[in-house]
Structure formats: structure tokens, C-alpha cells
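**Student:** Let me begin by handing over the structure; questions about it come next.
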Ligand SMILES: [Zn+2]
């Protein structure tokens, strides 16, 4: 069975559907992945990727900076 893929190409069962932009691991059909800002990220790399993307929103609870809460 072939499934549609972007840009009109197809992939076969067992063939990688994408490659993780962070670790170059192949991502197969049915596996979870995230696509954000042009990057495809595998499940293994997602925690690191999410930390980097959300870094501007990081706060330290109980700190003394103006940006900190409580
Ligand atoms: Zn990865």
C-alpha cells in the first residue's frame, strides 16, 4: 500500500515517512512526530525541542527578577 506524501510523492509501508531534523533518525508511518517552523522532530527529541522553543517563557518560581512570579 502506498500513502500520499507532500509534494505528490508516495511512500511504501516500512519506508521512512520523514527524517528528524535534530537527530537524523528516520520516522516511520504511524510514529508520532512534531512539525513546527519547518522542522520535523521525532518523539525522542521532542522534550529537548520543546524546552528550546519554550525557553523565552521560562520563569523561576520564587525568584527575585521582575519576570518571575511570586
Ligand atoms: Zn530526533
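**Student:** Restricting the search to segment 1-37, which residues are at positive phi and modelled with pLDDT of 95 or more?
**Tutor:** 24
**Student:** Let me ask something else about it. Which residues, taken from segment 32-57, are within 11 Å of the ligand (Cβ to nearest atom) and either farther than 22 Å from residue 15 by Cβ or assigned to a loop (DSSP other than H, G, I, E, B) (or both)?
**Tutor:** Kept after step one, since they are within 11 Å of the ligand (Cβ to nearest atom), are these residues of segment 32-57: 33-34, 39-49.
The answer is 43, 44, 45, 46, 47, 48, 49.
The values are calculated or read from the model by the stated rules, or taken from the named source; none is laboratory data. Please read these numbers as outputs of a predicted model, since none were measured by experiment. Here the Cβ is made from the backbone with ideal geometry for all residues, glycine too, and neighbour counts use every protein chain on show.
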